[in-house]
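Notes follow the structure.
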Amino acid sequence: MSSAPVAVVTGSNKGIGLAIVRALCRQFPGDVYLTARDPARGQQAVAKLQEEGLRAFFHQLDIDDLQSIRALRDFLKEKYGGLNVLVNNAGIAFKVQDTTPFAVQAEVTLKTNFFGTRNVCTELLPLVKPYGRVVNVSSMVSSSALRGCSQELQHKFRSDTITEEELVQLMTKFVEDTRKGVHSKEGWPNTAYGVSKIGVTVLSRIQARQLNEERKGDHILLNACCPGWVRTDMAGPKAPKSPEEGAETPVYLALLPPDAAAPHGQFVSDKTVQTW
Ligand code: NAP
């Protein structure tokens, strides 16, 4: 078994994820894993980094596929006895002009951004070692979508006692409500991506609380963040930030020093804790 510290970034063959891997290769004192659902795209990205003189390792990971998540879990357990840094970056967004029915967009977006991210956390969080750092890449859109929810939903999503099961029920209800055409009546905003990222931010708050309750002495810090508006295939060429600039906040959270006690369970943008 290797005693090297290990960092894993999901969805890192391009965009912000690749920039996070690049920065970690330079700054993280251990093995950095670039993961991708498509091995060819992943290996290509590793080769690109190699040309820049950086060494990243590759492992396949499709966050929509439980078998794929468990294969990575078993690999990390066997080779490293766990992991030190997890960045949940993988995500999708339909383009604004996409004509796919809203109910389909809701199901597909929630499947990856919320349920996929949650499945990765369920399998990998128990493996995170003391002083580990977990970063869930959400979006400022989660805050604007929250403000677009009914007062009742806002109250639930801001609650300090909401459980993971209750959050899963709410995310499932959103998808069902879009299918029945009643999501507006039921208090949801008109954004599947926004609701999926509400899920990611609230999940992070719940997970941080669980760590406080179950692993207080392990000094693990877990946060959600927004990378900013970043020029990637997702956000297009007009966005103001480069992928490297977008990686800054996630990397800052991934590399919080061992003596840091905060931020934890926060939503962070531009390295600053935001009010949820
Ligand atoms: P991107 O360029 O489209 O990259 C998304 C990455 O996620 C790709 O590597 C993609 O792989 C991967 N991915 C998608 N579904 C996956 C799955 N099921 N399993 C594993 N990997 C999967 O987008 P980005 O802009 O870098 O976004 C990265 C993260 O930042 C996302 O969570 C996004 O919501 C968030 N974000 C972005 C912005 C922005 O302005 N760009 C703003 C706020 C938040 P493939 O190449 O195989 O598709």
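Given the DSSP H assignment, sum -39500 (n - 2.57) over each helix run of at least 4 residues in the chain and divide by its residue total; what's the result at 222 nm in deg cm²/dmol, nearest 500? Provide the component values of the computation, followed by the final result.
Working: 10 runs with 126 residues, N = 276.
Helix-only estimate at 222 nm: -14500 deg cm²/dmol.
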Label points 7 Å out from Cα along the Cβ direction at residue 172 and residue 259: separation in nm? 4.7 nm
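What is the gain in length, in nm to one decimal, between residue 92 and residue 182 on full extension, counting 0.36 nm per residue of separation less the C-alpha to C-alpha distance? It would help to have the intermediate numbers written out before the result.
On the way: separation 90, 0.36 × 90 = 32.40 nm, distance 2.38 nm.
Taking residue 92 through residue 182 to full extension adds about 30.0 nm, to one decimal.
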At a threshold of 8 angstrom on Cα-Cα distance, excluding pairs fewer than six apart, so keeping six or more, what relative contact order does the chain reach in percent? 20 percent
Under 10 Å from the Cβ of residue 202, count the other residues' Cβ atoms, weight Lys and Arg +1, Asp and Glu -1, and hand me the total. +2
Using a 10 Å cut-off on Cβ atoms, rank the peptides 110-119, 141-150 from the highest mean neighbour count down. 110-119, 141-150
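When the convex hull of the Cα atoms of the stretch 203-276 is projected onto a plane and the area is averaged over all directions, what value comes out in nm²?
Numbers: hull surface 22.1 nm².
Value for the stretch 203-276: 5.5 nm².
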If contacts are Cα pairs under 8 angstrom and at least 6 residues apart, what is the relative contact order of the stretch 177-236 in percent? 23 percent
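Against the empirical 2.2 N^0.38 Å scaling, what ratio does the C-alpha Rg of the stretch 1-122 come to?
Numbers: Rg = 15.1 Å, N = 122, 2.2 N^0.38 = 13.7 Å.
Relative to the rule-of-thumb radius for its length, the stretch 1-122 sits at 1.11.
Once the Cβ-Cβ distance between residue 48 and residue 234 is put in as r, and R0 is 22 Å, what FRET efficiency do you end up with, to the nearest 0.05? Mind showing how you got there, number by number?
Working: r = 19 Å, r/R0 = 0.86.
Once the sixth-power term is evaluated, E becomes 0.70.
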How big is the charge dipole of the stretch 216-276 about its Cα centre, in debye rounded to the nearest 20, if each Lys and Arg gets +1 on its Cβ and each Asp and Glu gets -1 on its Cβ? 180 debye
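Of all the C-alpha pairs in the stretch 61-122, what % are more than 20 Å from each other? If you can, show how the numbers build up before the last one.
Working: 691 of 1891 pairs.
Value for the stretch 61-122 (Cα pairs over 20 Å): 37 percent.
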Send over the Kirkwood Rh of the stretch 1-63, from the inverse of the averaged 1/r over different Cα pairs, rounded to one decimal Å. 11.3 Å
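Going by average Cβ density within 10 Å per residue, which order do the peptides 41-47, 22-28, 202-208 take, highest to lowest?
Per-residue mean Cβ counts within 10 Å order the peptides as 202-208, 22-28, 41-47.
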Exceeding 32 Å between C-alpha atoms, which entries from my cross-link table qualify? They are 14/180; 180/216; 77/216. 14/180; 180/216
Counting Lys and Arg as +1 and Asp and Glu as -1, each charge on the Cβ, what is the dipole of the stretch 107-203 about the Cα centre in debye, to the nearest 20? 260 debye
Rule-of-thumb Rg ratio for the chain [Cα; 2.2 N^0.38 Å; N residues]: 0.96
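Distances longer than 27 Å among the Cα atoms of the stretch 118-276: what percent of all pairs is that? Each step should come with its number before you reach the end.
Details: 3334 of 12561 pairs.
Considering the stretch 118-276, 27 percent of its Cα-Cα pairs are separated by more than 27 Å.
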How much accessible area per residue does the stretch 155-194 have, in Å², with a 1.4 Å probe? 55 Å²
Determine the per residue accessible area of the stretch 1-78 with all protein chains present and a 1.4 angstrom probe, expressed in square angstrom. 49 Å²
Add +1 for every Lys or Arg and -1 for every Asp or Glu among the other residues with Cβ under 15 Å from the Cβ of residue 17, and state the total. +1
Sulfur and carbon atoms: percent of accessible area, the chain [1.4 Å]: 51 percent
Plugging the Cβ-Cβ distance of residue 102 and residue 163 into 1/(1 + (r/R0)^6) at R0 = 35 Å yields, to the nearest 0.05, a FRET efficiency of 0.80
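The values are calculated or read from the model by the stated rules, or taken from the named source; none is laboratory data. Everything quoted here is computed from the prediction, not taken from an experiment. In this analysis, Cβ positions are derived from the backbone assuming ideal geometry, glycine residues included, and neighbour counts consider all displayed protein chains. These area figures cover heavy atoms from the full protein model, side chains too; ligands, DNA and RNA do not enter into them. Shrake-Rupley method; radii C 1.70, N 1.55, O 1.52, S 1.80 Å.
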